[in-house]
Amino acid sequence: MHNCCKSLTFTSLIILLILTSAVDAAQSFIVSDIRLEGLEKIPDGTLLNYLPVIQGDPLDETQASFAIRELYKTGFFADVKLFRDGDVLVIRVKERPSITDIQFEGNSDIDDETLEEALKGVGLARGRIFNRSLLEKLTQELESVYFSQGKYNVKIEVEVEELDKNRVNIDINISEGIKSRIKQINIIGNHVYEDAKLLDEIQLGIPPGWAFLSDADEYSKPKLQADLESIRSYYLDRGYIKFNVDSTQVSITPDKKDIYVTINVSEGERYTVDDVQLTGEMVINKAVLEQLITTRSGDTFSRRMMTETQKALEDRVGMIGYAFAKVAVLPVLNDEERTISLTYTLDPGRKVYVRRITFFGNYKTRDVVLRREMRLMEGSVLASDKLERSKIRIQRLSYIEAVEFETRSVPGTDNQVDIDVTVTERLSGSFNIGAGFSQAQGLLFNVGLTQENLMGTGQALSVNVNTDRANTVYSVAHTDPFITPDGISRTLSASYRKRDAAQEEIANYLSNSWGLNLSYGIPMSEVNTLRLGVGYNAIDLKIGVSPSLDVVEFIAKNGNSFDNFSLTASYSHDTRNRTVFATRGSAQTVASNATIPGSDLEYYKISYDTKFYIPMTQTLTLLLHSDLAYGDGYGDTEDLPFFERYFAGGLRTVRAYNTNSLGPRDLLSNDPIGGNLRVVGGADVIFPIPFMEKPPNSVRLSAFFDIGNVFLDYAPTYNSTENGFDASQLRMSTGLSFVWLAPIGPLRFSYGTALNDVPGDDLRAFQFSIGSFF
């Protein structure tokens, strides 16, 4: 291109305009050069790539018109004109403005990101070229998004703000209006199952009057589609193979407040299973695989059972390395007999091996710490069950917040994969100086150094000082979870405790104790652990003012200073998906602690603790828990020492009753004295925080039911005349609980109601603990 112009003595320029003129056929010429004018942001090369003319081409009126149309089709230009300057083709353009920003105002039900994604579908996004003709599509697209959520009263206004440098801002003001409510759902064509039964299977509907927070009557297109699939699945799982949703009609009243939904269905006939065959390449004994087939001859056909059988077969061969196995199902219908024959065909593919395992996101944790949790190694077969177990093991580490596994095929092979493991780490170390308050413990003060992932090694170290009105505790502990390659763990701990039991509103005595403990954890399997330990404990007792009778009697009989050596053992079965705020699995522990014969005091304690997490829905979890414990003396010690007794009542046992208030009481002071048997259980329904789309992982809400008490072999529990266990004295309560793992420490709140309290019970409807550890 060049800028010189030849002097012309005849009528100078032939102007080529898109709207007003073009090159006359008689004035066609050979383009010797191309000059571009008006470009600001678009590179010259971009325009020339779209221009269907190059140097040396002839140009006439037809070709000029075609060139103009092609440039307009790019959407980059608001105006395009062609001129002729001698044999130079001059292209003068006016660029469309670019979009600097898109702002939404008034949208509360649908977030900005969702609306922005919708606008990208019509070509509007930050940084793109602005085309005013798209404004109508913009409004229609946003209305469509709101209509799909049942917001038929939405009003959208768009303002375009022109800026300098050929830029614009788009301001979108949204008045969402009220959501249209479902007034009635009609199902037409169903004869086998009544409307009420089918309506119970779907999300949409008319909620009962008491369910004032329910959104069941809030219409949305995705909900309707999900409900149609629920109805279809209901029929297909009960043998109605030819069931079909023929049509759906959604009508809205003129005021756009009420919605009526009509679903037209054809049920068809019920089919039973005639014959079931398993074919294909049997990489596992066929009889073993056939046991996984749940669709049996003579049973009513169920699509759910058919797909579960497919998955079970694929998972089983996946456990020996056939990670990409496929099971195809060939159904053959006999309409006359109304039967179906199923043939499962197994195609295992090739056995798959792990080439490389790579960890990402572990900025503090060493690779070896994560790698030792893997149940797969580089070079091993890709076993699906070991892959899932590896994920759970890493997810259960207290210093890992989240983990994601990605399996990528190695290019050029069909039997190798790379595994990418991406973790999100928690803050694993802290130095705390803080205070808090608990109804049970009063003012709390703590100074502590805690590191659960010491220098990225996975080892735990804690040094703490905790005080409250009843206790002063100094403790230090160190845990190495892998002192051997087999995963044997070791914990060393030392502690000192000064206790004023009267401040806990139990038997009036003072104690000073210190101890040393060494324990080992031995993994017996992936989910079972045996723990063995030894310990030494020294304790000095002092009688307080107005002590309880059993304290006086115990010290008179046994003295007030003791040196005890103990053995501990426990066996745990733990299948939880997380150690903190689990949502599925269970944890069961049987534990015992006994002093060695020859110690100053000879006694034993045994316990059985359970937690079962049962998913009820995608967001609801049922927790069933129990705590059974018993202790007694042996040899020269007749009973369990009073300072080793169990207590109940409070946030950790039976809520709505004051901490440590249940069980037998002293005859003189009426203070609780504890028991040698504790029976506690309950159920919690764990649910997400209402009105939050993505609730934080550090918060848990639940509705609870607690039951329990403590009992003493030789004394009656309060309000009972029988010594030892008395089922009629199990106290019950129900209420709501809130737990937040805050930076200052765990915060626990509960509000409960006692269900079978008796006069004299110490009740606390609202209970809390801030900054204490549990």
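Among the residues of segment 146-166, those that are surrounded by fewer than 20 Cβ atoms within 10 Å (Cβ to Cβ) and either in a helix (DSSP H, G or I) or under 33 Å from the mean Cα position of the chain (by Cα) (or both) comprise F147, S148, Y152. Do we find a residue being modelled with pLDDT under 90, surrounded by 14 or more Cβ atoms within 10 Å (Cβ to Cβ), assigned to a loop (DSSP other than H, G, I, E, B) and of a type outside the set (A, V, I, L, M, F, W, C) anywhere in segment 8-19? There is no residue in segment 8-19 that is modelled with pLDDT under 90, surrounded by 14 or more Cβ atoms within 10 Å (Cβ to Cβ), assigned to a loop (DSSP other than H, G, I, E, B) and of a type outside the set (A, V, I, L, M, F, W, C). Between V545, V551, the distinction of being more than 30 Å from V699 (Cα to Cα), open to solvent by less than 40 Å² (accessible area, probe 1.4 Å) and more than 40 Å from the chain's Cα centre (by Cα) belongs to V551 only.
Residues of segment 319-348 that are in a strand (DSSP E or B) and buried (at least 17 other Cβ atoms within 10 Å of the Cβ): V327, T339, I340, L342, Y344, L346.
Using the structure shown, decide if G280 is under 30 Å from V423 (Cβ atoms) and crowded, with 16+ Cβ neighbours inside 10 Å. So G280 does not fit the description; no.
Where strands (runs of 3 or more DSSP E) fall wholly inside segment 572-648, the ranges with 2 or more residues that are open to solvent by 30 Å² or more (accessible area, probe 1.4 Å) and free of Cβ contacts under 8 Å to residues at least 40 places away in the same chain are 585-595, 603-615. Going through (1) open to solvent by 40 Å² or more (accessible area, probe 1.4 Å); (2) under 30 Å from L119 (Cα atoms); (3) without any contact (Cβ under 8 Å) to a residue 40 or more places away in the chain one by one, D195 falls short only on (2). May I ask you to list the residues in segment 28-54 that are assigned to a loop (DSSP other than H, G, I, E, B), open to solvent by 50 Å² or more (accessible area, probe 1.4 Å) and either under 30 Å from N166 (Cα atoms) or at pLDDT 90 or above (or both)? Those that are assigned to a loop (DSSP other than H, G, I, E, B), open to solvent by 50 Å² or more (accessible area, probe 1.4 Å) and either under 30 Å from N166 (Cα atoms) or at pLDDT 90 or above (or both): S32, E40, K41, P43, P52, I54.
Residues that are open to solvent by 60 Å² or more (accessible area, probe 1.4 Å) and either over 21 Å from the mean Cα position of the chain (by Cα) or closer than 20 Å to D609 by Cα (or both) do not occur anywhere in segment 682-698. Applying the criterion of being in contact (Cβ under 8 Å) with a residue 40 or more places away in the chain and assigned to a loop (DSSP other than H, G, I, E, B) to the residues of segment 271-284, the residue that is farthest from V192 (Cα to Cα) is V283. Among the residues examined, D274 qualifies as under 30 Å from G189 (Cβ atoms), acidic (D, E) and open to solvent by 60 Å² or more (accessible area, probe 1.4 Å). Residues in segment 93-119 that are at pLDDT below 85 and either of a type in the set (K, R) or assigned to a loop (DSSP other than H, G, I, E, B) (or both): G106, N107, S108, D109, I110, D111. Need pairs with beta-carbon distance below 6 Å; first residue closer than 21 Å to Q225 by Cα and within segment 253-270, second open to solvent by 80 Å² or more (accessible area, probe 1.4 Å) and β-branched (V, I, T); sequence gap 6+ or separate chains. That search, which allows pairs on different chains as well, returns N264/I188. In segment 285-311, the residue that is surrounded by the fewest Cβ atoms within 10 Å (Cβ to Cβ) out of those that are touching a residue at least 40 places away in the same chain (Cβ under 8 Å) and part of a helix (DSSP H, G or I) is R304.
Of the candidates V710, V685, V654, the single residue that is part of a loop (DSSP other than H, G, I, E, B) and touching a strand residue (DSSP E or B) at 6+ places or on another chain (Cβ under 7 Å) is V654.
Against the conditions (1) part of a loop (DSSP other than H, G, I, E, B); (2) open to solvent by 40 Å² or more (accessible area, probe 1.4 Å); (3) modelled with pLDDT under 80, V122 satisfies every one except (2). For segment 104-115, which positions are within 14 Å of I170 (Cα to Cα) and open to solvent by 50 Å² or more (accessible area, probe 1.4 Å)? Within segment 104-115, E105, D112 meet the criteria. Could we say that I259 is part of a strand (DSSP E or B), of a type in the set (A, V, I, L, M, F, W, C) and within 36 Å of the chain's Cα centre (by Cα) here? In short, yes. Considering G487, G515, the condition of being within 30 Å of R389 (Cβ to Cβ) and either open to solvent by 30 Å² or more (accessible area, probe 1.4 Å) or outside any helix (DSSP H, G or I) (or both) is satisfied by G487 alone.
Specify which of the listed residues (V369, V421, V403) is closer than 30 Å to V283 by Cα and not polar (S, T, N, Q). After ruling out the rest, the residue left standing is V421.
Pairs are defined by a Cβ separation below 6 Å, a sequence spacing of at least 6 or placement on different chains, a first member in segment 362-381 that is among the charged types (D, E, K, R), and a second member that is crowded, with 16+ Cβ neighbours inside 10 Å and part of a helix (DSSP H, G or I); the pairs so defined are K364/G456; R366/G456; E373/R393; E373/I394; R375/K386; R375/R389; R375/S390.
Residues are listed down the side, and each one gets a yes or a no for (1) among the hydroxyl-bearing types (S, T, Y); (2) open to solvent by 20 Å² or more (accessible area, probe 1.4 Å):
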{"residue": "D215", "(1), (2)": "no, yes"}
{"residue": "Y219", "(1), (2)": "yes, no"}
{"residue": "K223", "(1), (2)": "no, yes"}
{"residue": "E229", "(1), (2)": "no, yes"}
{"residue": "D237", "(1), (2)": "no, yes"}
{"residue": "V250", "(1), (2)": "no, yes"}
{"residue": "P254", "(1), (2)": "no, yes"}
{"residue": "D258", "(1), (2)": "no, yes"}
{"residue": "V261", "(1), (2)": "no, no"}
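Restricting I99, I178 to residues that are in contact (Cβ under 8 Å) with a residue 40 or more places away in the chain, open to solvent by 40 Å² or more (accessible area, probe 1.4 Å) and not small (G, A, S) narrows the list to I178.
Within segment 74-92, none of the residues are closer than 20 Å to N169 by Cβ, touching a Phe, Trp or Tyr at 6+ places or on another chain (Cβ under 6 Å), outside any loop (DSSP other than H, G, I, E, B) and open to solvent by less than 50 Å² (accessible area, probe 1.4 Å). Once segment 714-737 is narrowed to residues that are open to solvent by 70 Å² or more (accessible area, probe 1.4 Å) and either in contact (Cβ under 8 Å) with a residue 24 or more places away in the chain or aromatic (F, W, Y) (or both), the residue that is farthest from L662 (Cα to Cα) is L736. Output the residue which, of all residues in segment 518-541 that are open to solvent by 60 Å² or more (accessible area, probe 1.4 Å) and not in a strand (DSSP E or B), is modelled with the lowest pLDDT. Of everything passing the filter in segment 518-541, E526 is modelled with the lowest pLDDT. Assess whether N169 counts as being of a type in the set (S, T, N, Q), more than 32 Å from the chain's Cα centre (by Cα) and surrounded by 14 or more Cβ atoms within 10 Å (Cβ to Cβ). Considered against the rule, which asks whether it is of a type in the set (S, T, N, Q), more than 32 Å from the chain's Cα centre (by Cα) and surrounded by 14 or more Cβ atoms within 10 Å (Cβ to Cβ), N169 comes out as yes. For I206, the stated conditions do not hold, so it cannot be described as under 30 Å from S144 (Cβ atoms), in contact (Cβ under 8 Å) with a residue 12 or more places away in the chain and open to solvent by less than 40 Å² (accessible area, probe 1.4 Å).
The values are calculated or read from the model by the stated rules, or taken from the named source; none is laboratory data. Being a predicted model, the structure only gives us computed values, none of them experimental. Ideal geometry is used to build each Cβ from the backbone, glycine not excepted, and the neighbour counts take in all protein chains shown. Side chains are part of the model used for accessible areas, which takes the heavy atoms of the whole protein and leaves out ligands, DNA and RNA. Shrake-Rupley method; radii C 1.70, N 1.55, O 1.52, S 1.80 Å.
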